[in-house]
Amino acid sequence: MTLTTHAVMGAVIGQAVGHPVLGFTLAFATHLLIDMIPHGDSKMAENFHVHKVKQKQAIAYVMVDAITAIFIVLILANTKDVESLRAYTWGIAGGILPDLMVGAADIFKTPFLDKFHKFHFFFHNFFTKRFGDVPLAHALLAQIVFIVILQRVL
């Protein structure tokens, strides 16, 4: 899933539970669960991690996604009636932290981050390794629709 999807999902969870620690924890767990849904980026991840090709393309994709995520959650925070800004922001943090830890594992190579990387990709590849991935364009369109639906919940 995109960081944008995880950030909006985390915001919705944080807002729904209204408690920062619970919002963070549930958003973190939900990140892993929704990553199980095939979302079109398995080839990009494989090219980046295994084959070490198209790394600039993957980094550009993540940067555009991160900037989009920042703007969307800021727009939502400034246009919706967010009851607990603290729970909202901690939900966002929990929603995107797993992907940030994966990125950190690629840079820092610590035993903890390496274990988390494997743990994360257990979920990420759960169905794609068995049944294949979906085209990235279809997955992005589905995530846009999902984000539009989620933002209506806020």
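The values are calculated or read from the model by the stated rules, or taken from the named source; none is laboratory data. Worth saying up front: this structure is predicted, and the values here are computed from it rather than measured. Positions of Cβ are backbone-derived with ideal geometry, glycine not excepted, and every protein chain shown enters the neighbour counts.
Tabulated results
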{"item": "Residue check for Phe116: farther than 12 Å from Ala7 by Cα and at pLDDT 90 or above", "result": "yes"}
{"item": "Residue count, region 127-141 (criterion: hydrophobic (A, V, I, L, M, F, W, C) and touching an Asp or Glu at 6+ places or on another chain (Cβ under 8 Å))", "result": "2"}
{"item": "Candidates Gly132, Gly103, Gly91, filtered to the one that is at pLDDT 95 or above and of a type outside the set (A, V, I, L, M)", "result": "Gly91"}
{"item": "Number of the exception - Thr68 against (1) at pLDDT 90 or above; (2) more than 16 Å from Leu150 (Cβ to Cβ)", "result": "(2)"}
{"item": "Cβ-Cβ under 9 Å pairs, at least 6 apart or on other chains, region 21-45 side closer than 15 Å to Ala142 by Cα, far side among the acidic types (Asp, Glu)", "result": "Asp35/Asp99; Pro38/Asp133; His39/Asp133; Gly40/Asp133; Asp41/Asp133"}
{"item": "Per-region count, region 2-32, residues at negative phi and not in a helix (DSSP H, G or I)", "result": "2"}
{"item": "Flag if Thr89 is in contact with a Pro (Cβ under 7 Å, 6 or more places away or on another chain) and buried (at least 18 other Cβ atoms within 10 Å of the Cβ)", "result": "no"}
